[in-house]
Amino acid sequence: MTAPFTLPPRNGYFPLRVKIANNQSATHNVRLLTEYSSKYGSGIRGSSSFDFSVPGGKTSTQEILVPVAPVAGRHSNNPSIQINLRGTMGSASDYLYHQHHGSHPSVLLSETLHTPNGSALDSALTGSGTKYGNESFASKFDPKQLPTNWLAFSGYDSILMTDSDWSETPPGSRNAILAWLRLGGQLVLYSQSPPTRSSLGLPEETSFGNIVFQDIGSDLKLNPKPTIQLVTSKNPVRSRGESILSDFDSKWPLQGEFGSKNFRYGIFLLVLALFAIIVGPVNLFVFAKSGRRHRLFITTPIISLAASLLL
């Protein structure tokens, strides 16, 4: 089992690629149990399971998406994904862990850029005021091993890669990134010579997302501070983590437009009490008296439907 991304996001999904080689004659069944939790902050937990059946002498390779419960806290969080293997091929367990802070977006950085810049970008987070503990600037990925489902990218805010990385990305993965882009993703492409969108097969219209072209030298070194600003203050789209924290509270403008609706507990209890009386004793002793009990098959659905419409 391999992870295309080295660090899990704060929400959305985390992709895993599962390869099962059954070298025996009998069919083997495998179950993967995953649990996502946040040590601090919201305390939201989520679990999922995936079942595989592989015939004898066969090899199966599949991509799965582990649901990630959103972190609903502005302070430092420590999300982790626990993975347990069960079934006829044995048992094992492993986990992934990452320290997040509510103000920093989830970023994907290609291996080409991560190797010469990862440490400098991590250190620069301290000076930006957004780093807490061992928080990393970005999760590393290999362009050739990217997932083909756009949901795999849904928990991330920005993808940073070179134009060569984009050219090496498989067609299915490109389509997934473009779908993620249209829903508000930020794609940053670094190049030593100014490219065009048409030369890279990129659309002119990106809907809610945006494509940014950046110059880079032959040493592939990035300036840490502007790079951090590019994915934070200069990204016109609010990060997904910040959106969860801010877009649905009492200060949400759309909530002000709609106003608030009070729940009428008294009327609800009154209708519920009347329904209990009518569907019970009235139904039994008036509508379907002794000797006419067969009427219950008609009166009970009518009473229930009327109560539902009234509510």
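The values are calculated or read from the model by the stated rules, or taken from the named source; none is laboratory data. Note that the structure is predicted; figures quoted are calculated from it, not measured. Note: ideal-geometry Cβ built from the backbone for every residue, glycine included; neighbour counts use all protein chains shown. For the accessible areas, the whole protein counts, side chains as well, though only heavy atoms, and no ligand, DNA or RNA atoms are used. Shrake-Rupley method; radii C 1.70, N 1.55, O 1.52, S 1.80 Å.
Right, ILE277: surrounded by fewer than 13 Cβ atoms within 10 Å (Cβ to Cβ) and β-branched (Val, Ile, Thr) or not? So ILE277 fits the description; yes. The combined condition, being basic (Lys, Arg) and open to solvent by less than 60 Å² (accessible area, probe 1.4 Å), is fulfilled by ARG240.
The set of residues from the range 190-204 being surrounded by 11 or more Cβ atoms within 10 Å (Cβ to Cβ) and over 13 Å from TRP166 (Cα atoms) comprises GLN192, PRO203. Taken over the range 151-181, the criterion of being in contact (Cβ under 8 Å) with a residue 60 or more places away in the chain, part of a helix (DSSP H, G or I) and of a type in the set (Gly, Ala, Ser) is satisfied by ALA152 alone. Among the residues of the range 208-226, those identified as under 24 Å from the mean Cα position of the chain (by Cα) and surrounded by 13 or more Cβ atoms within 10 Å (Cβ to Cβ) are GLY209, ASN210, ILE211, VAL212.
Every condition in (1) touching a Ser or Thr at 6+ places or on another chain (Cβ under 7 Å); (2) open to solvent by 20 Å² or more (accessible area, probe 1.4 Å) is met by LEU181 except one, and the failing one is (2).
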